[in-house]
Structure formats: C-alpha cells, structure tokens
1. Say we look at the stretch 21-34 and pick out the residues that are at pLDDT 95 or above and on the phi < 0 side of the Ramachandran plot; which of these is least open to solvent (accessible area, probe 1.4 Å)?
2. For the stretch 101-128, which residues satisfy the criterion of being modelled with pLDDT of 90 or more and open to solvent by 40 Å² or more (accessible area, probe 1.4 Å)?
3. Name the residue, out of Glu57, Glu13, that is buried (at least 16 other Cβ atoms within 10 Å of the Cβ) and either in contact with a Cys (Cβ under 9 Å, 6 or more places away or on another chain) or not small (Gly, Ala, Ser) (or both).
4. Answer yes or no as to whether Gly158 is modelled with pLDDT under 95 and touching a Lys or Arg at 6+ places or on another chain (Cβ under 8 Å).
5. Scan the stretch 70-92 for residues that are at pLDDT 90 or above and either within 19 Å of Gly145 (Cβ to Cβ) or aromatic (Phe, Trp, Tyr) (or both) and jot them down.
6. Starting from residues that are of a type in the set (Gly, Ala, Ser) and more than 12 Å from the chain's Cα centre (by Cα), keep the ones in the stretch 87-114 and report whichever is nearest to Arg39 (Cα to Cα).
7. If you scan the stretch 28-42, which residues turn out to be assigned to a loop (DSSP other than H, G, I, E, B), without any contact (Cβ under 8 Å) to a residue 40 or more places away in the chain and in contact with an Asp or Glu (Cβ under 8 Å, 6 or more places away or on another chain)?
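The values are calculated or read from the model by the stated rules, or taken from the named source; none is laboratory data. All figures in this text were calculated on a predicted structure; none of them were measured in a lab. Glycine gets a Cβ as well: all are built from the backbone with ideal geometry, and neighbour counts include every protein chain shown. Accessible surface areas use protein heavy atoms only, side chains included; no ligands, DNA or RNA. Shrake-Rupley method; radii C 1.70, N 1.55, O 1.52, S 1.80 Å.
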Amino acid sequence: LDLGSIAKGYALECAGALMAENDFEHFLIHGGTSTVCTRGTQPDGTPWRIAIQHPDEGEPPLRIVELHDESLSVSGIGGKSFVDANGNEQGHIIDPRTGRPTQAARVAATICESATESDALATALLTNGPAMLPCLRSNIRGLVGAIEEGQLAVKAYGLPPDKLPLVKLNYAPKGSKD
C-alpha cells in the first residue's frame, strides 16, 4: 500500500489546521518538491506566488501561479526516473490500468483548497493526461505537460490564458543522444 499520492498533502493539511487553530492567519507550508499549502497572503498583502517547474532541469518554469487559501500539488516523472533499453524515460508513478509507469504526461499540477485533494488529483492528472482536465470541478485549477508530436505541450484548466506561456519545446527523452 503506497499513500504517496495523498500522504504529503494530508500532512500539510493537518499542519495548516494546527497553525490556523493557533491563530496564524498568514502562512505558507512547503512539503518538499511537490505540495504547498497556503493561508492568507504574504506580509505585503499579495498572494503567494509559486513556480511550477519545468520537468526538464535547466528550463524556465512552466507557470507561476498565485495562491490565497489554496494548495498546489505537482506530480511528475522526472527526478525519480530511469531510461529503459528503448531510450524511453520511465517514472515512478504506476498507471493502475497497465501496471507500468505512466506515459500520459510528464508533469501535472492542481490547485484547490484541500492539500490532500490537490495531491491526489495531481497524481491522477499525471496518470490520465490532458484529457482529464475538463473533468475537474470548476473550483479546481489544473495544468498538464505532455509530449505531443515530440514536443512538450502544456494545457491548462481554470488558469488565466494571459499568464500561460507558450511552451512548445522539442523533446528528446532523458538519456538520448539528441
């Protein structure tokens, strides 16, 4: 039994509840590289600004999002991956339908009120790919970066289009000679 897709979100949600119970009105709790839980605003009154990292090291962020009383979770195949004999990058997230590492997307992110829910939904989006974006409830924002025709294509749901950079990069799998 692996609770990796919700455990960090749940832990941050519990920590946030403790902080709120102790009269902290403004805070950001960062749970490593995949989940952030926020309440209130930064000291200057602006929303918390968090970058959604590109799945390839050294590339600029895919997006910078603003959070206020929300949580952001990101799931991706990078970092904990290997290149198979065919040159394909294989990640650590297993698609339960196939029993093999997911290939639907390289990175997925969700924003909603619950850190537990955002954590679970980011993993679900990674496994299901961009086709799942329209299935999200209207109060949940999401982003998926998937390979389309050899390029990383980023699709978003519920995020303002004017802040979505056009990301179309030629993609060579990790470990390839290209």
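1. It comes out as Phe27.
2. Once the filter is applied, which keeps residues that are modelled with pLDDT of 90 or more and open to solvent by 40 Å² or more (accessible area, probe 1.4 Å), the stretch 101-128 yields Glu113, Glu117, Asn128.
3. Within the list Glu57, Glu13, the selection yields Glu13.
4. So Gly158 fits the description; yes.
5. Leu72, Ser73, Val74, Ser75, Gly76
6. Among residues in the stretch 87-114 that are of a type in the set (Gly, Ala, Ser) and more than 12 Å from the chain's Cα centre (by Cα), the one nearest to Arg39 (Cα to Cα) is Ser114.
7. Within the stretch 28-42, Gly40 is the sole residue that qualifies.
Conditions tested, residue by residue: (1) open to solvent by less than 20 Å² (accessible area, probe 1.4 Å); (2) under 26 Å from Glu25 (Cβ atoms); (3) among the aromatic types (Phe, Trp, Tyr).
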site: Leu72; (1), (2), (3): yes, yes, no
site: Ile77; (1), (2), (3): yes, no, no
site: Asn86; (1), (2), (3): no, no, no
site: Ser138; (1), (2), (3): no, no, no
site: Ala146; (1), (2), (3): yes, no, no
